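First the structure, in the form of structure tokens, and then the observations on it.
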Amino acid sequence: MVTTIVALSAVLAAGVLLWWRHLDGVIYPGQQVDPLAGVPAELRTAALILTDARHLSMMWPVLGLGSEGNWPNVLSAELIESGAVIDVQMVGGQKLSDWTNDETTDALAQYLGVPKVLVSQTSPGFLRVELRTFDTLAASVAAPSVESTGVDLEAVETGIREDGRLWLLRVLYAHILLAGATGSGKGSVLWSIIRGLGPAIKAGFVDIWMADPKGGMEFGRGEKLWVRFQWTADGILAMLTEAVQVMENRASALRSAGVRKHVPTTDAPLILIIIDEAAALSAYASREQRTEFERLLGLLLSQGRAVGVSVIAALQDPSKETMPFRQLFPVRIGLRLDEPTQTSMVHGQGSKDRGALCHEIPDTTPGVGYVGEDGTTEFVRVRAYWIDDDQADAIVDAYAPVPAVTSAGAEDDFDPSTFDPDHIPGEDDEQGWAA
């Protein structure tokens, strides 16, 4: 939850007023007011500097961010759960990289007495400077118990955001790229999505087609949940071929009906294709298999969203060679990555300057990542629920679709023409006489 403290101009005005009264000898016993009351102790140094024009006039030139008579303009401040955010207007002629480079952010942190400073752009010429004193996502988050409530397929509960709100992920009419190094928490993200979709899976509004190239080891325990489950390259390609056929049939039906978007029903549910370790097919399979995988995936990504066929692809290496259609995923989740260049591969050029720091996520926080969506330049820092094996089993037990009831095999073979009303089982057959 974000709590507005007070505009810095108001704090500064209060401080100036108190100083002016001091100069005039005006004293009100018992009525001294601390203009920074309510500011946490770990932020008081920063608050004192940022609300004092003299301190600012010394700080800006030392950090190389301004000069006499040409200072950045500090507009406002807010307390947030992780510390505080400051809105700043840059000096004319400055570049965004003048503020976002590692040397400058580290120097700002040291000067203001906080563990970490993050800088991102809010609009041309304006910055959001975050003073981080506490990591709200440092501890793992247990998934709530399974529920039977309905699901908004465009806002699936997957974890929590840095500001304490729920992380709601768009699945319907979207494709999702999930990238993260080994141990970064990709499994927890996928199981959290499945948990969030659970009631819709059980009700028949969502069918999950699971591709697990690791021999089915990772997601074999959820086999009762999956409508399709493949773990070999050829099996996965056959499954994707079937998905393309369903997609084309739906598109034809919608075109005939004059409808632009498919609405999932129990007869025509959302088909969610989850491909774990997609590099097994995009980079490490035979040439023929790679070519066919790229063809099928390209069709699904370019045509599937409107007809209710969505894809989630998870991988460790987000390079173009491993995932050639990254631009066709409107939702991208970057967990811990090894290099800044990999962050750019997931979230695009300039993403670091806009606040995506996947390469700085520590290995002690699996499931933490930055989410970006087409249509916005901002990133949301999130943490997926922690799902262990027991919780995964509970999800499967709670949400596995009920199989259709069929008659016993003997009853299926019954021929009414052979019915003898006088026949007494056990007496009029050979077994009966033998007995």
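Here, each number is a calculation from the coordinates, and none is a lab measurement. The model shown is predicted, which means the values in this text are computed figures rather than measured ones. Glycine gets a Cβ as well: all are built from the backbone with ideal geometry, and neighbour counts include every protein chain shown.
Extension gain for T241-K116 works out to 40.1 nm (0.36 nm per residue, less the C-alpha to C-alpha distance). With θ taken as phi - 60° and the Karplus curve 6.51 cos²θ - 1.76 cosθ + 1.60 applied, the whole-hertz 3J(HN,Hα) list for segment 38-46 is x, 7, x, 4, 6, 10, 5, 4, 4 Hz, x standing for glycine and proline. Just list whichever of K95/K352; K116/K186; K261/K320 have alpha carbons separated by over 19 Å in the model shown. Long pairs (Cα-Cα over 19 Å): K116/K186; K261/K320.
Taking the empirical scaling 2.2 N^0.38 Å for compact globular proteins as reference, segment 156-399 has a Cα radius of gyration ratio of 0.96. Counting only other residues whose beta carbon sits under 9 Å from that of E81, what net charge do I get with K and R as +1, D and E as -1? Neighbour charge sum, excluding E81 itself: -2. Derived scalar couplings between HN and Hα for segment 181-191 equal 5, 4, x, 7, x, 4, x, 5, 4, 5, 5 Hz in order, rounded to whole Hz, by the Karplus curve 6.51 cos²θ - 1.76 cosθ + 1.60 (θ = phi - 60°), x for Gly and Pro. When you filter the chymotrypsin sites (Phe, Trp or Tyr not before Pro) in segment 278-361 for DSSP loop state and at most 13 other Cβ atoms inside 10 Å of their Cβ, you are left with Y284.
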